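I have placed the structure first, in the form of structure tokens, so that the comments after it can refer back to it.
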Amino acid sequence: MRRKSKEKGMPKDIVAVFDAPRYADRYTVVLDPYIWNATPGYHPMLGLSEDPDWPLGISQFSDGVPGRHLGRRISFRALPPRVQEHVIRRLKD
């Protein structure tokens, strides 16, 4: 999965963002497998709750296959600002 076009303000590592409001890990950020050295056929992903910095929040890396099962595709800017900031911090770690 490749990004269709460079979205302004989106970190270069990110390929796509998905939103599945019914789940605890509502947001899934799909990362570039070439930058992140992923298992062939899989993309590294970051699953996030609505408030990942909260003590019971979710912010977990995994590998997976992007698709509709992750929810509706959204822009990085559609993420709440606190989630955007969290993603940028996690990608720098």
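Observations on the model:
- Top-ranked residue of segment 63-91 - restricted to ones that are closer than 15 Å to residue 32 by Cβ and without any contact (Cβ under 8 Å) to a residue 60 or more places away in the chain, ranked as surrounded by the fewest Cβ atoms within 10 Å (Cβ to Cβ): 65
- Where a residue in segment 33-51 is more than 23 Å from residue 23 (Cβ to Cβ) and its partner, wherever it lies, is surrounded by fewer than 16 Cβ atoms within 10 Å (Cβ to Cβ), with Cβ under 6 Å and at least six apart: 39/63
- Filtered residues of segment 46-93 (kept if part of a strand (DSSP E or B), closer than 12 Å to residue 24 by Cα and in contact with a Pro (Cβ under 7 Å, 6 or more places away or on another chain)): 59
- Count - residues of segment 20-30 that are outside any loop (DSSP other than H, G, I, E, B) and either in contact (Cβ under 8 Å) with a residue 60 or more places away in the chain or loosely packed, with under 15 Cβ neighbours inside 10 Å (or both): 0
Since every read-out is calculated from the coordinates, none of them should be taken as a lab result. None of these values were measured; they are calculated from a predicted model. As a convention, Cβ positions derive from the backbone with ideal geometry for all residues, glycine included, and neighbour counts pool all protein chains shown.
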